Amino acid sequence: MSIGNKNIVLVMGKPNMGKSASLMKMKNQDKMIYLNTDLKELPFADNFISNIEVADANDVLGYIEQIESAEKVEGAVLDTITFLMSMYERQYVANATNGQKAWGDYGNFYREFIHAIKSGTKDYAILAHEESFLNEQSHQMESKVPVKGSVGKTGVEADFTTILAAKQMPVSKLEEHANDLLHITDEEREDGLKYVFCTRVTKETAGEKMRSAIGLWDRKELYIDNDLEQVFQRLRDYYRTGKKQEAA
């Protein structure tokens, strides 16, 4: 089985940085499944085919299988992978009689999930909580998705080609990075703040985990609207029109 699905995005961010709000403008909401492991309400009136409150972590693998086989479903949102792994730990590791085996199963569950979406054909937005820590060797702050076991040692970020950071930025700073994917409203100018995606690592964001294929984003597209609709559209354009080959 080939692992070739390119329409997968990991969105990392601290609480209240606009991760869930980034789903609001997705035009194909009515063809997407929302997998809710955080068990909280979305901050907008959604139009997803189904909003599933995940009660058992293992059920997610079955949901992905059903999504892949459903002709009228175009993909899914997992909100969040952090809580999914915490749920698995709570349900299958915390009270296990054989802790070593349980942690091994924890890692296998994660790898099965990643394999399922990478070998799939649908769009997947994977939201993740982010925490910062001090790297004692480099003496700089770094970010990561907080999960445990062997998964945490390797890092969730290692499994994704496209990683965006959800941030809240001053409008005055964003005006230095004007581009066609960044739209500042009158209300945002009045508030002086805007929720955005950051697309790459700079000297100001050293230690963070943004990543993308070469040429996916223009240099001036450092900050873009926190709008997953335009992110998936860019991915489709990039991989289907040959821009990848041109960039190479």
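Here is how the numbers come out for the structure above:
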quantity: Integer Hz, Karplus 6.51/-1.76/1.60 couplings in order for region 76-85, x for Gly and Pro; calculated: 8, 10, 10, 10, 10, 5, 4, 6, 4, 5
quantity: Degrees separating the helix 228-240 axis from the principal Cα axis of the chain, which is the longest one; calculated: 90 degrees
quantity: Label point distance in nm, LYS220-ALA206, each placed 7 Å from Cα along Cα→Cβ; calculated: 2.8 nm
quantity: Calculated FRET value between ASP59 and ASN179, using beta carbons and R₀ = 45 Å, to 0.05; calculated: 0.65
quantity: 3J(HN,Hα) from dihedral phi, region 60-72, Karplus parametrisation 6.51/-1.76/1.60, rounded to Hz, x for glycine, proline; calculated: 4, 4, x, 5, 5, 4, 5, 4, 5, 8, 8, 4, 8
quantity: Overall dimensions of the chain by Cα: Rg and Dmax, Å; calculated: 18.2, 58
quantity: Check: the chain dipole with +1 on Lys, Arg Cβ and -1 on Asp, Glu Cβ, in debye; calculated: 820 debye
quantity: For region 42-61 versus region 152-216, the gap between their alpha-carbon centres in whole angstrom; calculated: 26 Å
quantity: Estimated 222 nm signal from helices in the chain, with DSSP H stretches of n ≥ 4 weighted -39500 (n - 2.57), rounded to 500; calculated: -8500 deg cm²/dmol
quantity: Pairwise FRET efficiency - GLU71 versus GLU142, Cβ, R0 = 41 Å, nearest 0.05; calculated: 0.45
quantity: Estimated D of region 101-248 in µm² per second, where Rh is the Kirkwood radius over Cα pairs and Stokes-Einstein applies at 37 °C, 0.692 mPa s; calculated: 189 µm²/s
quantity: Gain upon complete extension [LYS27, ARG90; 0.36 nm per residue less C-alpha separation]; calculated: 19.2 nm
quantity: Highest to lowest packing among 104-112, 163-171, scored as the average C-beta count within 10 Å; calculated: 163-171, 104-112
quantity: For region 139-217, the Rg and Dmax computed from alpha carbons only, in angstrom; calculated: 15.1, 46
quantity: Between helix 99-118 and the chain: long-axis angle, C-alpha atoms, 0 to 90°, nearest 10; calculated: 50 degrees
quantity: DSSP bridge pairs, the chain: antiparallel proportion in percent, nearest 5; calculated: 40 percent
quantity: VAL73 long-range amide H proximity, modeled H, under 5 Å; calculated: none
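We did not get these values from a lab; they are worked out from the coordinates using the rules stated. The model shown is predicted, which means the values in this text are computed figures rather than measured ones. All Cβ positions, glycine included, derive from the backbone under ideal geometry; neighbour counts span all protein chains shown.
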